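Only one structure is covered here, and it is reproduced in the block below.
The values are calculated or read from the model by the stated rules, or taken from the named source; none is laboratory data. None of the values given here were measured: they were computed from a predicted structure. As a convention, Cβ positions derive from the backbone with ideal geometry for all residues, glycine included, and neighbour counts pool all protein chains shown. For accessibility, only protein heavy atoms count, side chains too; no ligands or nucleic acids. Shrake-Rupley method; radii C 1.70, N 1.55, O 1.52, S 1.80 Å.
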Amino acid sequence: MERGVTRISSSELSTGLGITASQIRQDLNNFGGFGHQGYGYNVDYLHDQIGEILGLTHAYPVIIVGAGNLGNALARYEGFKKRGFHIQALFDIDPKVIGSKTGEHIVRDMKGIEEYLKKKPAQIAMLTLTKSAAKEAADRLVKAGVPSILNFSSIDLAFPEENVIIENVHLSDFLMILSYQLEN
């Protein structure tokens, strides 16, 4: 779409994605018939359908818990808005940080997070806390009704009994992957 392409074949997609054209056709067929043999795929239509499959057709309110370096960087990242993830607020426990401004947001006191979430529910919380603070913060978020958490702390979180979606992100794992690829 960004290059102005209006129609694309599974072979052309294959080249860009590094998987076989057959695999692309099979994967897309699992979600419905998006293309036509000999014609390929209408890029706008395919984009819209994949967006719908991924749940990107509506906005998701997001909060960030932890307004340190990573939390601030995430709050300022413009790419989230383009994908429908709208940062509503940042929270922290540090009195030196509370009340400061990060991008368009004033950092709020973690003490008031439950009250805030009653008024403005969030679909996603990003945790950018220390290992020691992450579990307690996650417990509070789950009790307040946040259905999904993107966890950047160095502790794995899980709430299977609460039916909460957790994605634990370990940045060091990605560095190890790169290290392995550099060596091989």
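Add -39500 (n - 2.57) for each DSSP H run of 4 or more in the chain, then divide by its residues: what number comes out at 222 nm, to the nearest 500 deg cm²/dmol?
Numbers: 8 runs with 73 residues, N = 184.
Per the formula, -11500 deg cm²/dmol.
Once you have the Kirkwood Rh of the chain from its Cα pairs, apply Stokes-Einstein at 10 °C and 1.306 mPa s and quote D in µm²/s.
Numbers: Rh = 19.0 Å.
After rounding, the answer is 83 µm²/s.
Using the Cα centre as the reference, give the magnitude of the dipole from point charges on the C-beta atoms of the chain (Lys, Arg: +1; Asp, Glu: -1; all else neutral), rounded to the nearest 20 debye. Can you show the working numbers first?
Working: 18 positive and 21 negative charges, 110 e Å.
Dipole size: approximately 520 debye.
Using 0.36 nm times the number of residues separating Asn29 and Asp94, minus their current alpha carbon distance, what extension gain do you get? It would help to have the intermediate numbers written out before the result.
Working: separation 65, 0.36 × 65 = 23.40 nm, distance 5.06 nm.
18.3 nm is the gain from fully extending Asn29 to Asp94.
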Placing +1 on the Cβ of each Lys and Arg and -1 on the Cβ of each Asp and Glu in the chain, which of Tyr116, Val5, Val62 has its Cα farthest towards the positive end of the resulting dipole? Tyr116
Could you report the chain's accessible area per residue, 1.4 Å probe, as an integer in Å²? 65
Taking H placed 1.01 Å from N in the peptide plane, check which residues at least 5 places from Ser100 or on another chain put their amide H under 5 Å from its amide H. Val107
Just to be sure I follow the definition: excluding the sites themselves, where is the longest run in the chain that has none of the trypsin sites (Lys or Arg not before Pro) in a DSSP loop with at most 15 other Cβ atoms within 10 Å? 97-184
Determine the share of segment 70-184's accessible area contributed by carbon and sulfur atoms, expressed in whole percent, with a 1.4 angstrom probe. 56
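Between their Cα atoms, which of Lys81/Lys120; Lys81/Lys131; Lys96/Lys143 are more than 20 Å away from each other?
Flagged as over cut-off: Lys81/Lys131; Lys96/Lys143.
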Step through the residues of segment 155-168 one at a time and calculate ³J(HN,Hα) from phi using the Karplus curve (6.51 cos²θ - 1.76 cosθ + 1.60, θ = phi - 60°), rounding each to whole Hz and writing x for Gly and Pro. 10, 7, 10, 7, 9, x, 6, 8, 6, 9, 8, 10, 10, 8
Using Cα centres only, tell me the gap between segment 1-71 and segment 120-138 in whole Å. 30
